Amino acid sequence: MTQRASGTVFIVDDDDDFRDSMKWLLESDNFHVIGFTSAYDFLDRYNGDMGCMLLDVRMPEVNGLALQQIMIERGIKLPIIVVSGHGDIPMAVNAMKYGALDFIEKPFDDEVLLRLVELGLQRATEMFKDNVAFNQSRSSYDSLSKREKEVMALVVSGKSNREIAEDLGISPKTVEVHRARVMSKMRAGSLPDLVQQSNRLNAV
């Protein structure tokens, strides 16, 4: 039995037959799957689980592109594989611009879909780890005093202790104390680690 990446495949499609056939295909290849009949159904029932989405671009009321925008607004981060009919290619391209992982055109090869879903779940795992790392960095950063945040900003900009002391009007020895506290509170094992955390926080 093939070991699949962890997470759930969320299928959002108003076509019952297509949704059921995709569910059967994916479950037969050891993926965990949940189906949704519409964008509203997904938004009402999604509980924050890690996974990726198989999204039909053309649906009544709220189409796939609109759902993608709502997800961005609500901070729902899932790798999305857009399913497109021949006439829906422009919409699928727009979905890619909003960050979709890829799109496949009906009818498609089952093996292509399975590979994309596996890639989507791998990407979801990476996103989950990145989110955990961000939350840890944010919590640590929030624990810094105002002065420690000032010192951290100057440290990651590449300034020496003496330059930081001159900028802040304090002694180099005091800078050393603040710097040590910053490294400890941020749980940074090295300067590159501290810089990476700073970049992570500033990227959001």
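Any residue in segment 104-120 that's in the same structural domain as G51 (by TED's automatic domain parsing): show its pairings with residues that are part of a helix (DSSP H, G or I) at Cβ separation under 7 Å, as long as the two are six or more apart or on different chains.
I104/V112; I104/L113; I104/L116; E105/H86; D110/L25; V117/L26
With respect to the numbered conditions (1) in contact with a Ser or Thr (Cβ under 9 Å, 6 or more places away or on another chain); (2) surrounded by 14 or more Cβ atoms within 10 Å (Cβ to Cβ); (3) farther than 22 Å from G7 by Cα, which one is the sole condition not fulfilled by E150?
(1)
Looking at segment 191-204, which of the residues that are within 21 Å of the chain's Cα centre (by Cα) and crowded, with 17+ Cβ neighbours inside 10 Å is farthest from K146 (Cα to Cα)?
Q197
Quick check, is F108 at pLDDT below 90, buried (at least 17 other Cβ atoms within 10 Å of the Cβ), aromatic (F, W, Y) and closer than 26 Å to G64 by Cα?
no
Going through A188, A95, A124, A165 one at a time, which residue ends up being outside any helix (DSSP H, G or I) and either surrounded by 12 or more Cβ atoms within 10 Å (Cβ to Cβ) or within 16 Å of the chain's Cα centre (by Cα) (or both)?
When all the criteria are applied, what remains is A188.
So, of the residues in segment 127-138 that are surrounded by 13 or more Cβ atoms within 10 Å (Cβ to Cβ) and of a type in the set (A, V, I, L, M), which turns out to be farthest from N199 (Cα to Cα)?
M127
So for segment 27-43 (the condition being at negative phi, among the aliphatic types (A, V, I, L, M), in a strand (DSSP E or B) and without any contact (Cβ under 8 Å) to a residue 40 or more places away in the chain), does at least one residue qualify?
Yes: segment 27-43 contains one or more residues that are at negative phi, among the aliphatic types (A, V, I, L, M), in a strand (DSSP E or B) and without any contact (Cβ under 8 Å) to a residue 40 or more places away in the chain.
Can you tell me which residue within segment 70-92, out of those that are loosely packed, with under 13 Cβ neighbours inside 10 Å and not charged (D, E, K, R), is nearest to A39 (Cα to Cα)?
The selected residue is I72.
The values are calculated or read from the model by the stated rules, or taken from the named source; none is laboratory data. Fair warning: this is a prediction, and the values are worked out from it, not measured in the lab. Virtual Cβ from ideal backbone geometry, glycine too; neighbours counted across all protein chains shown.
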